[in-house]
Amino acid sequence: MRHGKKVMHLGRKTAHRKSMLSNMACSLIEHKRINTTVTKAKALKMFIEPLVTKSKSDSTHNRRLAFGSLRDKSAVTELFREVASKVGDRPGGYTRIIKLGNRLGDNASMAMIELVDFNEIYTSEEKTKKKTRRRGSKTKDEVTSKEVIKDVVDKTTDSEIEDSVPDVDKQEK
């Protein structure tokens, strides 16, 4: 049973675990995606999500809380400037874990953890909302050929028609 198990210990003592998660979070903020084991990625997700939420409101108190966890001034600056501006309207779920398979050496299950809004592949495609037709009116594609011909005939003048029709007399000579 899992009663009271709130921390993934990762086979390390507390100080080592905290510094490892801090270093991984700084690398994630700097590079926007890192490869690690699935268990470490899940632990890192629980570590970084509250920090990104704090970065959405830029105050001295939130910066000091983030610096207490990350212990890297440049990572805190990048978190509050670049990352917070991209995730400002997102209500949560700032990271994505993608499983990559097993590592060759020890067969450990590997994963890539990334910041969601910094992936150019997924964010470059803007999804257009599918429009539904409410009435039975004709669309532009459904215009019949008779209507097109009628419009063309109405717009052309008699002199244009005479110019476009080849002269039979000239062809016979």
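The values are calculated or read from the model by the stated rules, or taken from the named source; none is laboratory data. As the structure is a prediction and not an experimental result, all values here were calculated from the model. Cβ placement follows ideal geometry from the backbone for every residue including glycine, while neighbour counts extend to all protein chains displayed.
Here are some notes:
- Residue list for segment 25-43, filter: farther than 21 Å from ASP106 by Cα and touching a helix residue (DSSP H, G or I) at 6+ places or on another chain (Cβ under 6 Å): ALA25, CYS26, ILE29, LYS32
- Residue list for segment 83-118, filter: at pLDDT 95 or above, of a type in the set (Asp, Glu) and either within 30 Å of SER59 (Cα to Cα) or touching a strand residue (DSSP E or B) at 6+ places or on another chain (Cβ under 6 Å) (or both): GLU114
- Close pairs from segment 48-65: first over 20 Å from PRO91 (Cβ atoms) and of a type in the set (A, V, I, L, M), partner in a helix (DSSP H, G or I) and modelled with pLDDT under 95, Cβ under 8 Å, at least 6 apart: none
- Of LEU70, LEU51, LEU100, all but one fail to be of a type in the set (A, V, I, L, M), surrounded by fewer than 19 Cβ atoms within 10 Å (Cβ to Cβ), within 21 Å of PHE118 (Cβ to Cβ) and assigned by TED's automatic domain parsing to the domain that holds ASN119; the exception is LEU100.
- Subset of segment 104-122 (residues that are free of Cβ contacts under 8 Å to residues at least 12 places away in the same chain, assigned to a loop (DSSP other than H, G, I, E, B) and of a type outside the set (Asp, Glu)): LEU104, GLY105, ASN107
- Checking each residue in segment 81-96 for being closer than 14 Å to ALA25 by Cβ and in a helix (DSSP H, G or I) picks out only VAL83.
- Boolean, SER22 is surrounded by 15 or more Cβ atoms within 10 Å (Cβ to Cβ), out of contact with any Asp or Glu (no Cβ under 7 Å at 6 or more places or on another chain) and modelled with pLDDT of 95 or more: yes
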